[in-house]
Amino acid sequence: MPFQSLTRPAERPEIRYFFDPLCGWCYGFSPVLMRLYEELKTDFDFVAHPGGMVVGERVGPLGEKAAYIKGALAPLEARTGVRFGNNYRAVVEDGTRIQNSVPPSRALTVLARLDGNPGRTVPFAHDLLEAGFAHGHDLADPAVLVEIAARYGLPEADFLTSFTDPDTAAYTQAGFTAASQIGITGFPTLVLRQGNQGTVLARGWAPYEQVRAAVEEVLRVGGVEG
């Protein structure tokens, strides 16, 4: 498996980021997570774990949710400080793009399989969210995913071979299932794992100061060295 199982004890303190590449609130939370990642990555293992928000019967044209999305953009920007790009807004207005969480989630699984460093899934997740929401790229387009993977040193041929590998599909689905089985029902969700214990640091968007304070409280109570 490319990611350590959620049913096995964490070997080191781990911050696991449950997200979806098509989740606007995850895009809003991404700057917070990246700051934590840069500050704490030497003391904690980090993993970005896609949870499968738009899969199965939920896959469909963006236009089906366009009214909701348009209404949510301004409040989300005001609360989080991120900005949705004009190209993304045009895609929402057009409404024909098919929304499907599987391709970008599978791309992240490819990185975890080929790179061997699960921590790099965090900036990769950030790049996926930026590509979709800041630049309006189609995250189901293999060319978009190949370009992002190239930033991480993955050759196109190797990436595409792994991307279409049935094992990659199975690992990605297993990740969706595992997130659901431990009760992850919304994104983003940030969990600090220590051995067999898990502490929720954030459910939904939260400011950096709040999340960092939650980490410090776990360190104080649980005795994690950091």
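The values are calculated or read from the model by the stated rules, or taken from the named source; none is laboratory data. Remember, it's a predicted structure, so these values are computed and weren't measured experimentally. Cβ: placed from backbone, ideal geometry, glycine included. Neighbour counts: every protein chain shown. Just the protein is used for accessible areas: all its heavy atoms, side chains included, with ligands, DNA and RNA removed. Shrake-Rupley method; radii C 1.70, N 1.55, O 1.52, S 1.80 Å.
Figures for the structure shown
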read-out: Residues located in segment 81-98, provided they are surrounded by fewer than 19 Cβ atoms within 10 Å (Cβ to Cβ) and under 23 Å from Phe18 (Cβ atoms); value: Gly81
read-out: Residue in segment 105-114 that is modelled with pLDDT of 95 or more, out of contact with any helix residue (DSSP H, G or I) (no Cβ under 7 Å at 6 or more places or on another chain) and not hydrophobic (A, V, I, L, M, F, W, C) present; value: no
read-out: Matching residues, segment 186-214, being touching a helix residue (DSSP H, G or I) at 6+ places or on another chain (Cβ under 8 Å) and charged (D, E, K, R); value: Arg212
read-out: Residue among Ser180, Ser101 that alone is within 22 Å of Gly28 (Cβ to Cβ) and either of a type in the set (Gly, Ala, Ser) or surrounded by fewer than 20 Cβ atoms within 10 Å (Cβ to Cβ) (or both); value: Ser101
read-out: Some residue of segment 186-207 being free of Cβ contacts under 8 Å to residues at least 12 places away in the same chain, open to solvent by 60 Å² or more (accessible area, probe 1.4 Å) and not β-branched (Val, Ile, Thr); value: no
read-out: All positions within segment 132-153 that are open to solvent by less than 20 Å² (accessible area, probe 1.4 Å) and outside any helix (DSSP H, G or I); value: Gly136, Leu139
read-out: Selected residue [among the acidic types (Asp, Glu), closer than 19 Å to Ala206 by Cβ and part of a helix (DSSP H, G or I)] from Glu93, Glu14, Glu64, Glu39; value: Glu39
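Yes or no, residue by residue, for (1) in a helix (DSSP H, G or I); (2) at pLDDT 95 or above; (3) out of contact with any Pro (no Cβ under 7 Å at 6 or more places or on another chain):
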site: Gly119; (1), (2), (3): yes, no, yes
site: Leu129; (1), (2), (3): yes, yes, no
site: Gly183; (1), (2), (3): no, no, yes
site: Leu190; (1), (2), (3): no, yes, yes
site: Gln194; (1), (2), (3): no, no, no
